[in-house]
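Read the structure below first, then the notes.
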Amino acid sequence: MARESEFLSLSDQALRAVIGPNSRHVALIEDAFKVLVEAPGGGVSINGSPRDRAQAKRVIETLAKRADTGAEITEADVRMALGAAVAQPRPDQGRVVPDAVALPVGRRGAIAPKTAAQAQYLDMLSRCELTFGVGPAGTGKTFLAAAYGASLLRRGQVDRLVITRPAVEAGEKLGFLPGDLNEKVDPYLAPIWEALNDILGVDDVRRRREKGEIEAAPIAFMRGRTLSHAFIIVDEAQNLTRLQMKMVLTRLGEGARMVVTGDPSQIDLLNARDSGLDHALRILTDVKGVGVQAFKAEDVVRHAMVERIVRAYDADAAKGRPASDAGDKKDR
């Protein structure tokens, strides 16, 4: 098949992002699609077969669009764009990724989904009263939930953001934690505070916490409450017992939405069979207003090594037990 060239105009900012540090990003694109990408000025020239050029162009346009919003483009972003380009159907096969949900701009630029699964997850958050985001670490489950909750709070669509999770140590005893409730809970919620600080800014997060617009509490403190006009994030839900899961799910009040995130492969309970996450996914599948997004290893958006680690652990687990349907649930 004939190899031809195609020129794609880019802004200076997008061009720098596509090329990457020491031309690392463009090298990944060239290796993935067997094309030659050159930057003569004002954009890039893509040389290769029509199919290879089309896929490379799709990746470059995706990266350029994000870069032009001010977002930082990393190697993980490039790898996600490469995977999406390979998986994307032809135009005549219809749209599979929903329109992006408006999210705030973080310190590193605009926040946007990096994979089809993330886009579908955000779509579920906007449509469903109760959303489950399940899958391996590094897939953006908690970060996107925090970003979406922050966007609702900023727009006044909810009165407060409530964050809760079980106080279960990951295989080690942390001992007594001194201080008030916030000081005791904060170490368990570090990933969410990092996300909110990145999205809203440290000062805004502190101010909203002081006003009660952002609240953090362990699961035990949810009992007996009704959470109205709130966005609730239940993190590390694989470590909730069945009774705790039922209790927290029934806290939903008028005008409230909830997202439950967790990784069924990382249960730290003494009795793993008592995990309320798998149980809830089984019995709530067909309940109106419930959405479930299952993330997989290819959705990992951290360092590329994390995806390889997750795949290795999944492969090892599959050798020692029968195949389970828990990690293969579809969006509902």
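Quick notes on this structure:
- Residue check: residue 116 meets all listed conditions (1) under 30 Å from residue 4 (Cβ atoms); (2) at pLDDT 85 or above but one, namely (2).
- Identity of the residue in the stretch 265-276, of a type in the set (A, V, I, L, M) and closer than 27 Å to residue 300 by Cβ, that ends up surrounded by the fewest Cβ atoms within 10 Å (Cβ to Cβ): 272
- Listed by first and then second residue, the pairs linking a residue in the stretch 272-284 that is hydroxyl-bearing (Ser, Thr, Tyr) to a residue that is in a helix (DSSP H, G or I) and surrounded by 12 or more Cβ atoms within 10 Å (Cβ to Cβ), with Cβ atoms under 6 Å apart and 6 or more places separating them unless they lie on different chains, are 275/238.
- Count of the stretch 67-97 residues, restricted to those that are of a type in the set (Asp, Glu), at pLDDT below 70 and touching a helix residue (DSSP H, G or I) at 6+ places or on another chain (Cβ under 6 Å), is 0.
- Screening 297, 315 for residues that are within 14 Å of the chain's Cα centre (by Cα), small (Gly, Ala, Ser) and over 30 Å from residue 227 (Cβ atoms) leaves exactly one candidate, 297.
- From the list 253, 262, the one residue that fits, being in contact with a Lys or Arg (Cβ under 9 Å, 6 or more places away or on another chain) and open to solvent by 10 Å² or more (accessible area, probe 1.4 Å), is 253.
- Odd one out for residue 290, checked against (1) of a type in the set (Val, Ile, Thr); (2) more than 17 Å from residue 161 (Cα to Cα); (3) more than 21 Å from the chain's Cα centre (by Cα); (4) open to solvent by less than 40 Å² (accessible area, probe 1.4 Å): (3)
- Here is the figure for the stretch 125-138: residues that are under 14 Å from residue 285 (Cβ atoms) and aliphatic (A, V, I, L, M) total 2.
- Residue in the stretch 28-44 that is in contact (Cβ under 8 Å) with a residue 60 or more places away in the chain and out of contact with any His (no Cβ under 6 Å at 6 or more places or on another chain) present: no
- Counted residues, the stretch 211-248 - those being open to solvent by 30 Å² or more (accessible area, probe 1.4 Å) and under 17 Å from residue 282 (Cα atoms): 5
The values are calculated or read from the model by the stated rules, or taken from the named source; none is laboratory data. Note that the structure is predicted; figures quoted are calculated from it, not measured. Quick reminder, even Gly has a Cβ in these numbers, built from the backbone with ideal geometry, and neighbours come from all protein chains shown. For accessibility, only protein heavy atoms count, side chains too; no ligands or nucleic acids. Shrake-Rupley method; radii C 1.70, N 1.55, O 1.52, S 1.80 Å.
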